[in-house]
Amino acid sequence: MKLLPDPEMMRQLRGRSLLAPDDLTKAEFLFLVHLAKDLRAAKRENREVQLLSGRNIALIFEKVSTRTRSAFEVGAHDQGAHVTYFGPGDSHLGFGESAKDAARVLGRMFDGIEHRGFRHDVVATLAQYAGVPVWNGLSDSWHPTQMLADVLTMKDHVDKKVSELTVCFLGDTQNNTAQSLLVTGALLGMDVRLIGPASRAPEESVRHRAHRLAALSGGSVSVSDDTGLVRGADILYTDVWVSMGETTDKWQERITQMIPYQINKALVVATNNPAVKVMHCLPALHDVATELGRQMHAAYGVTALEITDDVFESPASLVFDQAENRLHTIKALMVATVTNPCVSS
C-alpha cells in the first residue's frame, strides 16, 4: 500500500468540477494524466484498490454515448462506486425541471455528477448548484474529459515533453473537440494548429482564451485554412464534420467545405515526419461499414470523410489507445475529485 501520488494535489482537486480544459492548471492537468497512467497499470496488473467504495455517481446523458458512458460506468465500478444512468428522456431535466433545481436535488443524493448534453450553460448550472463535483462529458462548447485521454495518449506514443509537441487538428475547427484541443495545448505549452475553412473557425473568444494561456505557458496557437501548416507535426487529429444533433442536410455543404482537410496519405506525407501519429476521438466515418457511411457514399460518392481507411488502419493510428484511455483518465478524474485525499492505494 502506498499513498496516492502527491497528497497535496489530491486535496487541491477534491470537490472540484471540470467543465472546460482550463478549469485545471497545467500542474493539475498533468497530475490527472499521471494518476491515470498509474491507475491503468494497476488495472492491467490486477492490483487495483477501490478508492470510491460507497460513493454514488449520477450519469446524465442528453446525448447518446459509447466511450464516455462506458468509461464512467466501468471506471466507477472498478473503483467500487455505484452509478445511476439517466438517458435521454429519463429525467425531467430541461423540460419539466430546471438545471438549477435538478442540481440541488441530485447533489443531495450523489457524490458526483456527469453531464453530456448540448448547451454548455446547463452543465455550468449543475456545477454551480449541485454542491458536488460535476464533470462535463461533452457540451456544444467543450469536451474536457476527451482532452485528458488525448494527452495521456500523446505522452504514451511521442517521445517528447508535452510542451515540445506540435499538434495539428484538421476539419471543423469550430467544434467542441477542436476548441478544447486549442485551449488544452495552449494551457500545456504545445504548438497547436487548427486547420480548416475560415467559415468554421473557432469563436473569437475561444481564440483569445487560447492566446492568453499560450502567452503564460510558452506555447503557440494558430488558426488557418492552410494545410501546409501540417509540416513538422507530431500529431494529426481530426473529428467528424457534422456533430451529433446537427441535421443531415448539413452534410453536402460540409463535405464541400471539408474535403480539402481530409486526413489521407498525401496529408500524412506532407508532415515530412515519418513518425507522425494520427488521432480521432471517434466515431469515425472512414469506410462504408456503417449505415451513415453507406448513406454518404450513396448520396455523395465518398467512401471516407474526415479520415481515409488506409490511414485510420495504419500503424500511425492511435485511435483505439486513445479510446481506451478515456477509461483511465475519467477514472483518475473521479478518484481525484471524489476520494478522500488521505486514502491509501
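The values are calculated or read from the model by the stated rules, or taken from the named source; none is laboratory data. Given the structure is predicted, the values throughout are model-derived calculations rather than measurements. Note that each Cβ is placed from the backbone with ideal geometry, even for glycine, and that neighbours are counted across all protein chains shown.
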So, Glu48, is that one in a loop (DSSP other than H, G, I, E, B) and either on the phi < 0 side of the Ramachandran plot or not assigned by TED's automatic domain parsing to the domain that holds Ser91 (or both) or not?
yes
For a quick check of your reading of the model, give me the residue pairs whose first member lies in segment 18-32 and is at pLDDT 95 or above, whose second is aromatic (Phe, Trp, Tyr) and buried (at least 19 other Cβ atoms within 10 Å of the Cβ), with beta-carbon atoms closer than 8 Å and at least 6 apart or on different chains.
Leu18/Trp135; Leu19/Trp142; Ala20/Trp142; Pro21/Phe29; Pro21/Trp142
Kindly establish whether Gln179 is in the same structural domain as Trp241 (by TED's automatic domain parsing), surrounded by fewer than 24 Cβ atoms within 10 Å (Cβ to Cβ) and free of Cβ contacts under 8 Å to residues at least 40 places away in the same chain.
no
Pull up segment 123-162, narrow it to residues that are part of a helix (DSSP H, G or I) and more than 18 Å from the chain's Cα centre (by Cα), then point me to the one that is surrounded by the fewest Cβ atoms within 10 Å (Cβ to Cβ).
Gln128
Every pair of residues 6+ apart whose Cβ atoms lie under 9 Å, when the first sits in segment 141-160 and is closer than 25 Å to Arg207 by Cα while the second is small (Gly, Ala, Ser) and assigned to a loop (DSSP other than H, G, I, E, B):
Ser141/Ala20; Trp142/Ala20; Pro144/Ala20
What tally of residues in segment 261-292 results from selecting those that are at pLDDT 95 or above, surrounded by 14 or more Cβ atoms within 10 Å (Cβ to Cβ) and assigned to a helix (DSSP H, G or I)?
4
Kindly provide the set of residues from segment 33-45 that are assigned to a helix (DSSP H, G or I) and without any contact (Cβ under 8 Å) to a residue 24 or more places away in the chain, ordered by number.
Ala41, Arg44
Can you tell me which residue among Gly80, Gly89 is surrounded by fewer than 15 Cβ atoms within 10 Å (Cβ to Cβ) and in contact (Cβ under 8 Å) with a residue 12 or more places away in the chain?
Gly80
Test Glu306 against the stated conditions and say whether it is within 26 Å of Glu73 (Cβ to Cβ) and either assigned by TED's automatic domain parsing to the domain that holds Val242 or of a type in the set (Ser, Thr, Tyr) (or both).
no
Which pairs do you get when a residue that is in the same structural domain as Asp225 (by TED's automatic domain parsing), found in segment 201-213, comes within reach of a residue that is surrounded by 21 or more Cβ atoms within 10 Å (Cβ to Cβ) and among the polar types (S, T, N, Q), reach meaning Cβ atoms under 8 angstrom, with the pair 6+ apart or on two chains?
Ala201/Thr173; Pro202/Thr173; Pro202/Gln179; Glu203/Gln179; Val206/Gln179
So, in segment 247-299, how many residues would count as being within 13 Å of Phe312 (Cα to Cα) and of a type outside the set (A, V, I, L, M)?
9
Answer yes or no: is there a residue in segment 29-43 that is surrounded by fewer than 14 Cβ atoms within 10 Å (Cβ to Cβ) and more than 27 Å from Leu126 (Cα to Cα).
yes
Applying the selection to segment 63-81, what residues are modelled with pLDDT of 95 or more, more than 16 Å from Thr337 (Cα to Cα) and not in a helix (DSSP H, G or I)?
Thr66
